[in-house]
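Scroll down for the structure; my scribbles are underneath it.
The values are calculated or read from the model by the stated rules, or taken from the named source; none is laboratory data. A quick note: this is a predicted structure, and the numbers were derived from the prediction, not measured. Here the Cβ is made from the backbone with ideal geometry for all residues, glycine too, and neighbour counts use every protein chain on show. Surface accessibility is based on the protein's heavy atoms, side chains included, excluding ligands, DNA and RNA. Shrake-Rupley method; radii C 1.70, N 1.55, O 1.52, S 1.80 Å.
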Amino acid sequence: MQISSLLCSIDIPSEQAKLYGLDDRHLVSIGQFLLEQRTATAFMQLQCAASVAGFDVQICSAYRPFDRQLSIWNAKATGQRPLLDQDSNPVEFTSLTPQQLIDTILIWSALPGASRHHWGTDFDIYDANNISKQALQLITAEYTADGPCAHLHKWLISHAAEFGFYFPYQPDLSGVSPEPWHMSYFPVANELLEQFSADEFAKVLSAAKISLESPLIERLTELVNHYVFFVAPSPA
């Protein structure tokens, strides 16, 4: 379903549509990507500081609209796209119950409408001095130990907060699996998180042609609490 059609079929305030990936008018271009305006300014400042430190910080994924996330979800929910477990091993689609399928998809993919990538405040980064975008897999090994982005990640842990950024998905501190490549501009993201409404989100999902709709709606409060609101605390 196209975003314009979906917006016409649901009753949520227009200013809230950006929370669920249904409006991109608040975003600006950074190369081929879209970011929220304050986030874009802060990112360029971070990028310059990282360059002085010897890193080439580049974005490999930023804003993602609802319909794009919906296509990813539906492809995985219907066995048209591979499923992976926590250790990135393949999972057999036909062996899963609907609830198991939901849990398996959510290991690596957000629910449409519940991704922080919808806000324009969050993006995935890498060190282009050490790995190309084409070679990048976005796996933990690339950002730890001797991985090509390990030194960048260590530098960001020490300096990202100076520019308003942090890592929202950390071990034991978030419902989403740890993602050392995923950064968030917390001055804006925290405000948007406070505005997120499970009731409005339910309206969005009910209006969209989403696979596994019934079992999702049954568990929606639990899923929102775990995968949306349960994130690592941002710096003070």
Please give the solvent-accessible surface of residue 176 in Å², to the nearest 10, using a probe radius of 1.4 Å with every protein chain present.
20
For the chain, with equal point scatterers placed on the C-alpha atoms only and solvent neglected, what are the log10 I(q)/I(0) values from the Debye formula at q = 0.18 1/Å, to two decimals?
-1.47
Direction-averaged shadow area of the convex hull around the Cα atoms of region 26-75, nm²?
4.3
Give, rounded to the nearest 20 debye, the magnitude of the charge dipole that region 53-132 has about its Cα centre when Lys and Arg contribute +1 at Cβ and Asp and Glu contribute -1 at Cβ.
300
Short to long, in 10 Å steps from zero, the percent of alpha-carbon pairs of region 95-176 per bin is 14, 39, 35, 11, 1
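Once fully extended, how much extra length lies between residue 103 and residue 134, figured as 0.36 nm per residue of separation less the alpha-carbon to alpha-carbon distance?
Values: separation 31, 0.36 × 31 = 11.16 nm, distance 2.88 nm.
So the chain would gain 8.3 nm between residue 103 and residue 134.
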Rounded to a whole number, what % of the accessible area of region 1-139 do carbon and sulfur atoms account for, probe 1.4 Å?
49
How many angstrom lie between the C-alpha centres of region 60-80 and region 182-198?
20
Give the accessible area for residue 68 in Å² (nearest 10); use a 1.4 Å probe, count only protein heavy atoms, and leave out ligands, DNA and RNA.
110
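Can you compute the charge dipole magnitude of the chain about its Cα centre, using +1 on each Lys and Arg Cβ and -1 on each Asp and Glu Cβ, nothing else charged? Give it in debye, rounded to the nearest 20.
On the way: 13 positive and 26 negative charges, 93 e Å.
Around 440 debye, computed over the chain.
Enter the accessible area per residue of the chain (Å², integer; probe 1.4 Å; all protein chains in place). It would help to have the intermediate numbers written out before the result.
Details: 11100 Å² over 236 residues.
Counting only protein heavy atoms, the per-residue value for the chain is 47 Å².
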Just how much of residue 162 is accessible, in Å², when a 1.4 Å probe is used and the result is rounded to the nearest 10?
120
If you wrap a convex hull around the C-alpha atoms of region 133-236 and split its volume per residue, what is the figure in Å³?
141
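For region 187-236, report the translational diffusion coefficient in µm²/s to the nearest whole number, using Stokes-Einstein at 4 °C, 1.567 mPa s, and a Kirkwood Rh over Cα pairs. Provide the component values of the computation, followed by the final result.
Numbers: Rh = 12.2 Å.
The estimated diffusion coefficient comes to 107 µm²/s.
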What translational D, rounded to a whole number of µm²/s, comes out for region 9-139 from Stokes-Einstein when the hydrodynamic radius is the Kirkwood one over Cα pairs, at 10 °C and 1.306 mPa s?
95
Folded to 0 to 90 degrees: helix 198-207 orientation relative to the chain principal axis, Cα
60
